[in-house]
Amino acid sequence: MQTQLGNAAFPRLLRRSLSYIPSILYSLHSLLNLFHFFRFLSNSSPQSQKHKEMASPFLSNTTISFSSSLSSSSLPRIAPSIPFSSIRSNSTPRRILTVRSKIREIFMPALSSTMTEGKIVSWVKSEGDVLSKGESVVVVESDKADMDVETFYDGILAAIVVGEGETAPVGAAIGILAETEDEIAEAKAKAASKSGASTPSAPPPAPAPGAASTPGPPKSTPAPAAPTVAEGPRKTVATPFAKKLAKQHKVDIESVVGTGPYGRITPEDIEAAAGLSPSKKNVGLAVVVETKPAAPAKAPAASAAPSSLPPPVPGSTVVPFTTMQAAVSKNMVESLSVPTFRVGYPVTTDALDALYEKVKPKGVTMTALLAKAAAMALAQHPLVNSSCKDGKSFTYNSNINIAVAVAINGGLITPVLQDADKLDLYLLSQKWKELVEKARAKQLQPQEYNSGTFTLSNLGMFGVDRFDAILPPGQGAIMAVGASKPTVVADADGFFSVKNKMLVNVTADHRIIYGADLAAFLQTFSKIVENPESLTL
């Protein structure tokens, strides 16, 4: 019985296995058709355009079908006859990608938080020069320092929009940068449109030279010089008046070597190249130009009557603020809105003077000693180191940064001794010397003059015994230090003696610092100065 069942099951198993053969053959057939299909598409791709054009006469009317030796009439075809012409017509056209070169603008940067406009001191590069990323292009005068402005892109300086000696607001285009020489003409046209758009601001000063030139016909020559100023320097760096003199005396400005800052060509260089005597005649012309408007100034005075400004004194000269002077003026006006009070305190300096004589040969200055003493006192009275900026809260500053007022040519700046309480006296003196050199060269970085939390102003070296300082915006207090002078004092027993004393006045923001707070700070400062051994630790 089992043998009969086994004999019967074997044919059924064989038949079932044979029934899978057509499906297997069909799958192989499908794979083979797919292989031929994709091979055909690869041969007819648009990348081989030349071969397509050669084969098209022969294949345009040909029908291509896929078949295999495994195919049979009982098996369907996965890819029936496909006309070649339909494949060509349905293929998507090739997209041509074009890369357009860029013409970029060099903007007037914001070199400090208070800077609203900048003045071009000189262009380091000339039109047509090839620039590399990170290379200095122009020197800009901010409200505190002269700083080199670098380019962020490679390219060619195609045009200069803002010339030397001119000012531009922050964010305005001062130059045009082209990627290749082909775009230089387009960049120059763009620069011309920008300078043309900015020319309406130039005409207001124009009536003054016009009025000055009316009394004498020979003096009308300065008027045509205005367009040359708007054009800016081309291949040379020269002042506008130097360019005018070069044109008047027919001097090739390209051959003149400038003696001004950064190689700038000055009027004296043009006169020397033309063989003229020193500019006595030019001074006379300047006086004529300044004094001549005194007579016709009476006419504009009528129109200026509604203004609150008094009329100019005849023969006077109006000198506009420099960028730094404008910033100082703005800060001083802002300080008037802060309610302040002042406290004075006499400090005996005999011990400090003796210490100064010992450390002076090592390069330590009196300013460094006073800054160190103030920083150590502020560490014990953090409220005096705080600041109020919004009128609703005040901020305790974690760092003690002593800003010291320094007078420089044409302005005032306050280099900052950062973390003055943490530096030893000799390192602090070295840092101060470096800051002063950079300040007088107008090379301070923004963080080196705008990060102060307390300001120190010392006029003792000029013999000033007392003065009051104006509180800088954003700070809580400023200390004014006078000269140390011999003073007769009486002790508790009624005996008289002579001691060196200096008067210290502190101006503070009364919104956050009160009289008792400031008095306690001054007492601590006086103890440190009268016992200065801790300054050298």
Net +/- balance of residues flanking V436 in space, Cβ distance below 13 Å, scoring K and R +1, D and E -1: +2
H249, H29, reordered so the largest accessible area comes first (probe 1.4 Å): H249, H29
Charge tally in the Cβ shell below 10 Å around N399, where Lys, Arg are +1 and Asp, Glu are -1, N399 excluded: -1
Extreme residue, positive dipole direction of segment 339-535, given options A351, S429, N505 (C-beta unit charges): S429
HN-Hα J in Hz across segment 490-504 - Karplus 6.51, -1.76, 1.60, θ = phi - 60°, x for Gly and Pro: 10, 8, 5, 8, x, 8, 9, 8, 10, 10, 7, 10, 10, 9, 10
Long-range HN-HN contacts of D465 with modeled amide H, under 5 Å: A483
Integer Hz, Karplus 6.51/-1.76/1.60 couplings in order for segment 247-258, x for Gly and Pro: 6, 5, 9, 6, 9, 6, 5, 5, 8, 8, 9, x
Whole-Hz couplings from phi, Karplus 6.51/-1.76/1.60, listed for segment 364-377; x for Gly and Pro: 7, 9, 5, 4, 5, 5, 5, 5, 5, 5, 5, 5, 5, 5
Tensor-based shape of segment 104-194 (alpha-carbon gyration tensor, a/c under 1.5 rounded, otherwise prolate or oblate): prolate
Rounded to 5, percent antiparallel among DSSP beta bridges of segment 339-535: 80 percent
Of the chymotrypsin sites (Phe, Trp or Tyr not before Pro) in segment 460-512, those whose Cβ has at most 10 other Cβ within 10 Å and which sit in DSSP loop: F495
Calculated FRET value between T167 and Y514, using beta carbons and R₀ = 35 Å, to 0.05: 0.20
Debye intensity ratio I(q)/I(0), log10, segment 416-537, q values 0.18 Å⁻¹ (C-alpha model): -1.25
Segment 403-422 versus segment 325-394: alpha-carbon centroid distance in Å: 11 Å
V504 long-range amide H proximity, modeled H, under 5 Å: Y345, V347
Computed E for T180/Q325 - FRET, C-beta separation, R0 51 angstrom, nearest 0.05: 0.75
Segment 352-411 - Debye-derived log10 I(q)/I(0), Cα point model, q = 0.16, 0.20 Å⁻¹: -0.70, -0.88
Fully extended contour minus Cα-Cα distance, from F152 to F467, at 0.36 nm per residue: 108.7 nm
Separation in nanometres of the label points that stand 7 Å from Cα toward Cβ, at A192 and H249: 3.2 nm
Two-decimal ratio, segment 464-532, of alpha-carbon radius of gyration to 2.2 N^0.38 Å: 1.33
Counted charge near F454, where neighbours are those whose Cβ lies closer than 14 Å (Asp, Glu -1; Lys, Arg +1): -3
Efficiency of FRET between Q445 and V257 - r from beta-carbon atoms, R0 30 angstrom, step 0.05: 0.45
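The values are calculated or read from the model by the stated rules, or taken from the named source; none is laboratory data. Note that the coordinates shown come from a computational prediction; the quantities given were computed from them, not determined experimentally. Counting neighbours? That spans all protein chains shown, and the Cβs are built from the backbone with ideal geometry, glycine included. Side chains are part of the model used for accessible areas, which takes the heavy atoms of the whole protein and leaves out ligands, DNA and RNA. Shrake-Rupley method; radii C 1.70, N 1.55, O 1.52, S 1.80 Å.
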